[in-house]
Structures are given as C-alpha cells and as structure tokens.
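Comments concern the structure below.
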Ligand code: GAR
C-alpha cells in the first residue's frame, strides 16, 4: 500500500477533500493508496479532529519546541517516516521547510498555493491579486523544491475576480477549486510512484 502523509497547520479543508476523494474513488483499490497519517505543527489545528474521526493516525509536532528550523525539520521527517510515505502532501502547512527536508522527499513532496503561480508567491495572495486589478485568480499544485512556491507545476485552476470581491470572498471561491485539483494532482503523482 502506498502511504500518503498530509501536513496541516489549520482548518485542513484540503486534507479533508483528499480524504473524502480517496474514499469516494476507493484509492485503496484503484491506486493501492491510503491516507496513512495527518501531521500538524499546531495542536489546535481544526483538521486534526476530522482526521481522527476518519480513523486516520494523527501526530502533532510543535515547532516552538525546537531551537532551529533544521532541528524541527529533522524531527518532522522522523515523524513522517514512521508512516513510510510514498507521497507527502502540504495542505495549508504554514512552515518554510529547509533544503535538507525538501531534498529528502524530492519528487514526492507537493504543495498547494492559493495563486496562479508564478504570480503572487508568499502570503496574502488574494488581497494582492485584488490590489493588482487581476481579472482572474486561482490556485496551483506544485512539486516542492528548495525555493518557496517555485517547483514544477502539476495542476492549476482559474476563477474570476468579481467586482466587490474581498480577500475573503475570493479566497472562498479559490478554495472550492483547490479541493478539486489537489486530489487530482495527488492521484496523478501516486500513479507514477
Ligand atoms: C489554502 O488556501 C492553501 O492554498 C493555503 O492555505 C489554505 C489552507 O486551507 N496555503 C498557503 O497559503 C501556503 N503558502 P485548508 O487548511 O483549509 O486546507
């Protein structure tokens, strides 16, 4: 069985969308894959409760307990490797990862970013798209490389920016598309493993 390990920091709606798609499409049978664990750097991440309800193993590793990014990432890799991952999925995991961590999972570490990369890397993507007068916004699933939000693009989806949009209304529109493309991209990656 190919194990998927999903990293979250908050609501975990992308994680939940992947878990539900895996159930609906019976990934165990069709892809020989399952979501083996959900790992969070925050004990109060809302998504953890959903994962537990689904019978998925959960782990919490608080980054504040570590002196350096390197020390946190080394401990994080240990936690992840306990679940023997074929694919590691960053789903709203709001930590910058060290080059060593990224290299360890090269080619099987994916991220979703709420913009049409290469536009608007980093934070506050929706407000920046509105401020720039963009007529379209969207989201991108990409392989993670050492540079933030820059790895090879696997999937994108586009939504319109509507008159009167706020960062919140645009984020909600983009998020519905995130839930569609992330599962598809993860399934595609699993097929190649
Ligand atoms: C999503 O919009 C995701 O694209 C974004 O955080 C949100 C997490 O939502 N990720 C980033 O900004 C990464 N730089 P979720 O916890 O409900 O999946």
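A short reminder: the numbers here are calculations on the coordinates, not readings from a lab. Please read these numbers as outputs of a predicted model, since none were measured by experiment. Backbone-built Cβ (ideal geometry, glycine too); neighbour counts: all protein chains shown.
Is it the case, given these coordinates, that residue 132 is within 16 Å of the ligand (Cβ to nearest atom) and over 17 Å from the mean Cα position of the chain (by Cα)? For residue 132, the condition - within 16 Å of the ligand (Cβ to nearest atom) and over 17 Å from the mean Cα position of the chain (by Cα) - is not met.
So which residues in the stretch 134-155 are in contact with a helix residue (DSSP H, G or I) (Cβ under 7 Å, 6 or more places away or on another chain) and more than 17 Å from residue 104 (Cα to Cα), if there are any at all? 137, 138, 139, 141, 154, 155 - these are the residues of the stretch 134-155 that are in contact with a helix residue (DSSP H, G or I) (Cβ under 7 Å, 6 or more places away or on another chain) and more than 17 Å from residue 104 (Cα to Cα). Among the helices (runs of 4 or more DSSP H) lying completely within the stretch 1-97, list those that include at least 3 residues that are surrounded by 15 or more Cβ atoms within 10 Å (Cβ to Cβ) and touching a residue at least 60 places away in the same chain (Cβ under 8 Å). The qualifying helices (runs of 4 or more DSSP H) are 13-24. If you go through the stretch 176-193 and pick out every residue that is closer than 18 Å to residue 24 by Cα and outside any helix (DSSP H, G or I), you end up with 0.
The residues on offer are 182, 105, and the sole one that is more than 10 Å from the ligand (Cβ to nearest atom), crowded, with 16+ Cβ neighbours inside 10 Å and within 15 Å of the chain's Cα centre (by Cα) is 105.
Counting the residues of the stretch 150-175 that are assigned to a helix (DSSP H, G or I), without any contact (Cβ under 8 Å) to a residue 60 or more places away in the chain and in contact with a strand residue (DSSP E or B) (Cβ under 8 Å, 6 or more places away or on another chain) gives 2. Report yes if some residue within the stretch 138-148 is without any contact (Cβ under 8 Å) to a residue 24 or more places away in the chain and either touching a strand residue (DSSP E or B) at 6+ places or on another chain (Cβ under 9 Å) or loosely packed, with under 13 Cβ neighbours inside 10 Å (or both); otherwise report no. Taking every residue of the stretch 138-148 in turn, at least one turns out to be without any contact (Cβ under 8 Å) to a residue 24 or more places away in the chain and either touching a strand residue (DSSP E or B) at 6+ places or on another chain (Cβ under 9 Å) or loosely packed, with under 13 Cβ neighbours inside 10 Å (or both). Inside the stretch 77-96, can you point out the residues that are within 20 Å of residue 18 (Cα to Cα) and touching a helix residue (DSSP H, G or I) at 6+ places or on another chain (Cβ under 7 Å)? Residues satisfying the conditions are 86, 87, 88, 89, 91, 92. Residues in the stretch 108-120 that are over 15 Å from the mean Cα position of the chain (by Cα) and either more than 16 Å from the ligand (Cβ to nearest atom) or on the phi > 0 side of the Ramachandran plot (or both): 120 alone.
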